[in-house]
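Notes follow the structure.
The values are calculated or read from the model by the stated rules, or taken from the named source; none is laboratory data. Predicted, not measured: the structure shown is a model, and the values here were computed from it. Backbone-built Cβ (ideal geometry, glycine too); neighbour counts: all protein chains shown. Just the protein is used for accessible areas: all its heavy atoms, side chains included, with ligands, DNA and RNA removed. Shrake-Rupley method; radii C 1.70, N 1.55, O 1.52, S 1.80 Å.
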Amino acid sequence: MLRELTYAEAIREALRNALIKNPKVFLIGEDIGAYGGAFKITNGFLEEFGSERIRDTPISEAAIVGAAIGAALMGLKPIAEIMYMDFIPICLEQLANQAAKIRFMSGGKLKVPIIVRTQYSLGRAHGAQHSQFIPAWFLQVPGLKVALPSTPYDAKGLFNQALKEENPVLYIECSLLYRVKGPVPEEDYIIPFGKADVKKEGDDVTIVAISRMVHEALAAAKILEEKGLSIEVIDPRTIQPLDIETIVNSVKKTGRVIIAEDDHKTGGVGAEITASIIENAFDYLDAPITRVASPDIPIPFSPQLELEYMPNKDKIIQAVNSLLKG
């Protein structure tokens, strides 16, 4: 049965279902208990499931992920919350150098099936240290999977897949999408990792969009369609693993591609996707690959300057027009 849920409600439902169905699941993080989470995703969970399964912690990201790794090695299924993505680097050693490698180094005898939930707050005027989107930092961590849902439907389906993973998963939410509504089935369903979604089909230009930029790309496509252009919008949904096959097939059809992302242009996810397209579909390109990304500067605190900083549908439309003129 389909209902309309917000992105936040879809995540909350997936978390609650996991707690109900699997007694080994527990949540750990800052302010997730009595306060209900900084973004109220876990509101009421402490009363429903108790303090043994909803673990409030001190402000120590390394301790949160470290404790989750230890619990996973003892057979539990921890879901750790890092309030802002900006602070993932504090627990990078635990996540990248320990959790992601333990299964490999033990020959498969030990597993660390943790989920690390986090969110990025770009667009909420939270300042340079609380707004960053840095998914590309984790592309070079073999053993770690990275999911980036853009819709309520994807948020629940990808989370259910994360619950089944035997390797650590970094699940990156976008706080600007928390109130976005969409259809979500009542039953549990799974969206496999490494399977991109064609959010809109088209023939003239491919836009590969990450997380929030899926919505900006769809808005741009709608405006461009009124001018007679047919735009295809692809949402990779996970960047590790990345479904390069779906992207390449689209590029072979349209011959032109734009990659839209919130992270910095230099060394961003778009750079990796660009390289993969060149490796697999260079002869099909009719124009240079274009990236619409954030500039290589810290994120401004001023709401007006932050809006100027952020990629959006207007910048995508400008890129499409430049691409077609070339």
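Net charge within 15 Å of T118 by Cβ-Cβ distance, Lys/Arg positive one each and Asp/Glu negative one each, not counting T118 itself?
-4
Of all DSSP beta bridges in the range 179-260, what percent run antiparallel (nearest 5)? Let's see the in-between values first.
Numbers: 3 of 11 bridges.
Roughly 25 percent of the DSSP beta bridges within the range 179-260 come out antiparallel.
First select every other residue whose beta carbon is under 13 angstrom from the beta carbon of P300; then total the charges, Lys and Arg +1, Asp and Glu -1.
Spelling it out: positives minus negatives among the neighbours equals -1.
Quick check on the range 184-229: what does the Kirkwood estimate of hydrodynamic radius come out to from the alpha carbon pairs, in Å?
Details: mean 1/r = 0.0793 Å⁻¹.
About 12.6 Å, per the Kirkwood formula over Cα pairs.
Using 0.36 nm times the number of residues separating D56 and F301, minus their current alpha carbon distance, what extension gain do you get?
Here the segment from D56 to F301 would lengthen by 85.3 nm.
For the chain, give the percent of accessible area contributed by carbon and sulfur heavy atoms, probe 1.4 Å, rounded to a whole number.
53 percent
Along the positive direction of the dipole of the range 1-55 (beta-carbon charges: Lys, Arg +1; Asp, Glu -1; about the Cα centre), which of I20, N43, A8 reaches farthest?
The residue sitting most towards the positive pole is I20.
Hey, what do the phi angles of the range 281-297 turn into as Karplus ³J(HN,Hα) couplings, whole Hz, using 6.51/-1.76/1.60 and θ = phi - 60°, x for Gly and Pro?
8, 4, 5, 8, 7, 9, 7, x, 5, 10, 10, 10, 9, 6, x, 7, 9
For the range 44-176, what class follows from the C-alpha gyration tensor (a ≥ b ≥ c being the square roots of its eigenvalues): rounded when a/c is under 1.5, otherwise prolate if a/b is larger than b/c, else oblate?
In terms of gyration-tensor shape, rounded.
Is the shape of the range 252-326 best called rounded, prolate or oblate, per the rule: a/c under 1.5 gives rounded, else a/b larger than b/c gives prolate, else oblate, with a ≥ b ≥ c the square roots of the Cα gyration tensor eigenvalues? Walk me through the numbers before you get to the answer.
Numbers: a/c = 3.65, a/b = 1.76, b/c = 2.07.
Oblate, since a/c reaches 1.5 and b/c is not below a/b.
Please give the calculated 222 nm ellipticity per residue for the chain, where each DSSP H segment of at least 4 residues contributes -39500 (n - 2.57) and the sum is spread over every residue; nearest 500 deg cm²/dmol?
Calculated mean residue ellipticity at 222 nm is -10000 deg cm²/dmol.
Quick one: accessible area per residue over the chain, 1.4 Å probe, rounded to a whole number of Å²?
Ligands and nucleic acids excluded, the figure is 43 Å² per residue.
Among 210-221, 171-182, 111-122, how do they line up by average Cβ neighbours within 10 Å per residue, starting with the highest?
So the order, starting with the most tightly packed, is 210-221, 111-122, 171-182.
For the pair K109 and D283, how long in nm is the line joining their label points, each one 7 Å along Cα→Cβ?
4.9 nm
For the range 80-222, what relative contact order do you get, as a whole percent, if you take Cα pairs closer than 8 Å and at least 6 residues apart?
This gives 25 percent for the range 80-222.
How do the peptides 264-273, 55-64 rank, highest first, by the average count of neighbouring beta carbon atoms within 10 Å per residue?
Going by the mean number of other Cβ atoms within 10 Å, highest first, we get 264-273, 55-64.
Compute the angle between helix 152-164 and the longest alpha-carbon principal axis of the chain, please, reported from 0 to 90 degrees and rounded to the nearest 10.
That works out to roughly 50 degrees.
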